[in-house]
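Everything below concerns the one structure shown next.
The values are calculated or read from the model by the stated rules, or taken from the named source; none is laboratory data. Everything quoted here is computed from the prediction, not taken from an experiment. Backbone-built Cβ (ideal geometry, glycine too); neighbour counts: all protein chains shown. Please note that ligands, DNA and RNA were not included when accessible areas were found on the heavy atoms of the full protein model with its side chains. Shrake-Rupley method; radii C 1.70, N 1.55, O 1.52, S 1.80 Å.
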Amino acid sequence: MYWVILAFMSATLLGFYDSFKKKALKGNAVIPVLFLNTVLSSLIFIPFIIVSYNSDALDGTIFHVGSGGWEMHKFIVLKSCIVLSSWILGYFGIKHLPLSIVGPINATRPVMTLVGAMLVFGERLNAWQWAGVTLAVVSFMMLSRSGKKEGIDFKHDHWIWMVVGAALLGAISGLYDKYLMAPVESGGAGLDKMMVQSWYVVYQCIMMGIMLAVLWWPKRKQTTPFHWDWSIVCVSVFLSAADFVYFYALTQPEAMISIVSMIRRGSVIVSFACAAVFFHEKNLKAKAVDLALVILGMICLYIGS
């Protein structure tokens, strides 16, 4: 169960990633912050790409970046598009919403992944899994009631729908990751984990550079100004570490994407604690009940899986 331990490590790192992201976006322009995150993440992995392609120093280590042509890179470009779309929606949402609301919504991703597996791969849900799905729906409805106390209308608040969209795209990315990592003989793409993680952040950096130049830079004086914050660096470091551990977990032969996705959403416990301690958010008692239902739903999914 080594992959389970890795999934819990990834969850903890993700919780701090969300918290630093909230701080980095406070009163800050979203697009340049996201661009810098992709730049810093690229700087972390580009040395591994260069060393792997020009020497055998990393051969046989977990840091070696595999090589491949367009047949492989086209899959990575698609992943970059999916993840970047999720990040854009998620960054805008988390900037304008309390972290104690965004976290539980993001925690419903395993349910979305499970439903996606049912629709795409024809998997059938058992009683425990249906119980988990039901609890997730109930928790979302209760979270909506908690949000109304803070003037947030789930039905008409476009920031909420951005977070939901980000969670949905994140679930799609999770299903796609398992396909990318699965061996060819098992119906997957058989890509090297470091190749995927290294190159998808590089492609994201290029995409965000274009977006920054076309969308934000010409109108930077009419929109929210950008200011530097050291938490921007922490966002990239914690995300890169969380993804590295996540991809490594998926390469384990017995790893189950549904379980890994569920455990990773346990990051909501860390982010919720940060919302209480560092951001002093309101109405936490009611949200704690909503969070408890989300966690109970994840436990049901674990038992059912």
Listed residues His156, Phe272, Leu99: farthest to the positive end of the dipole of the chain (Cβ charges):
His156
Report, in debye and to the nearest 20, how large the dipole of the chain comes out about its Cα centre when Lys and Arg carry +1 and Asp and Glu carry -1 on their Cβ.
1220 debye
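What's the carbon and sulfur percent of region 1-139's accessible surface, probe 1.4 angstrom, rounded to a whole number? Present the calculation step by step, with values, prior to reporting the outcome.
Details: 4410 of 6140 Å².
Answer for region 1-139: carbon and sulfur cover 72 percent of the accessible area.
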With loop defined by DSSP as not H, G, I, E or B, and exposure as at most 15 other Cβ atoms within 10 Å, which is the longest segment of the chain clear of exposed GluC sites (Glu not before Pro)?
1-122
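Quick one: length gained pulling Glu150 to Ile50 fully straight, 0.36 nm per residue minus the C-alpha distance?
Values: separation 100, 0.36 × 100 = 36.00 nm, distance 4.95 nm.
Result for the pair: 31.1 nm of gain on full extension.
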Starting from the Cα gyration tensor of region 225-286, take the square roots of the eigenvalues, sort them a ≥ b ≥ c, and report rounded, prolate or oblate (rounded when a/c is under 1.5, otherwise prolate if a/b is larger than b/c, else oblate).
oblate
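Compute the accessible area per residue over region 25-136, keeping the other protein chains in place, probe 1.4 Å, unit Å². Don't skip to the end; give the middle numbers.
Numbers: 4940 Å² over 112 residues.
Accessible area per residue, region 25-136: 44 Å².
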Looking at the square roots a ≥ b ≥ c of the eigenvalues of the Cα gyration tensor of region 25-174, which shape do they give, rounded for a/c under 1.5, prolate if a/b is larger than b/c, or oblate?
oblate
Just to confirm the filter: which trypsin sites (Lys or Arg not before Pro) across region 204-275 are DSSP coil and have at most 13 other Cβ within 10 angstrom of their Cβ?
Lys221
P(r), alpha carbons of the chain - 20 Å bins starting at zero, rounded %:
33, 59, 8
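Suppose only helical runs count, i.e. DSSP H with n ≥ 4. What mean residue ellipticity at 222 nm does that imply for the chain under -39500 (n - 2.57) per run, divided by all residues and rounded to the nearest 500 deg cm²/dmol? Intermediate results must be reported in sequence, preceding the final value.
Values: 12 runs with 221 residues, N = 305.
Dividing the helical sum by the residues of the chain leaves -24500 deg cm²/dmol.
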Can you give me the Cα centroid spacing of region 253-295 and region 1-67 in angstrom?
21 Å
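Per residue, how many Å² of accessible area does region 188-305 show with a 1.4 Å probe? Intermediate results must be reported in sequence, preceding the final value.
Details: 5320 Å² over 118 residues.
Here the per-residue accessible area is 45 Å².
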